[in-house]
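Worksheet: one structure, shown below.
Any read-out appearing in this document is the output of simple, stated calculations on the displayed coordinates, not a laboratory observation. These numbers were taken from a predicted model, which means no experiment stands behind them. Cβ atoms come from the backbone with ideal geometry, glycine included; neighbour counts cover every protein chain shown.
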């Protein structure tokens, strides 16, 4: 199981996210590989998380190469960094994606800096 599959599997088991209990909406993640596209739809209903593997309509749709999303799902980079690099396609309510970014991990180095900070410096 790769980082993306692990992320969505764990997210589906989280149940309720108190920091997002005022949020109701959905984001679909379309992860592309040479063999095709995998779809993961994450719905929040007042903080309750549900993950399905389908291409049903969503408030926001994020499209990315699976390898790029693996880096996001593992905390090696952030949605914002990947977006600024032009690695992501986004359609629909971008505000919903901004709220959903709280669900993603940020890996900390022993220096106390996040991996995203190092990634941002490397690409500046």
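Laid out as a table, the results:
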| read-out | value |
| --- | --- |
| Linear extension gain, residue 35 paired with residue 5, 0.36 nm per residue minus alpha-carbon span | 9.2 nm |
| MRE, 222 nm, helices only [DSSP H, n ≥ 4, -39500 (n - 2.57), over the chain, to nearest 500] | -8500 deg cm²/dmol |
| Exposure proxy ranking, count of Cβ atoms within 10 Å, fewest first, for 44, 103 | 103, 44 |
| Peptide ranges 63-70, 89-96 listed from the most packed, as the mean C-beta count within 10 angstrom indicates | 63-70, 89-96 |
| Spin-label pair residue 48/residue 106, simplified geometry with 7 Å Cα→Cβ offset, distance in nm | 3.0 |
| Cα gyration tensor category, rounded, prolate or oblate, for the range 3-122 with a/c compared to 1.5 | oblate |
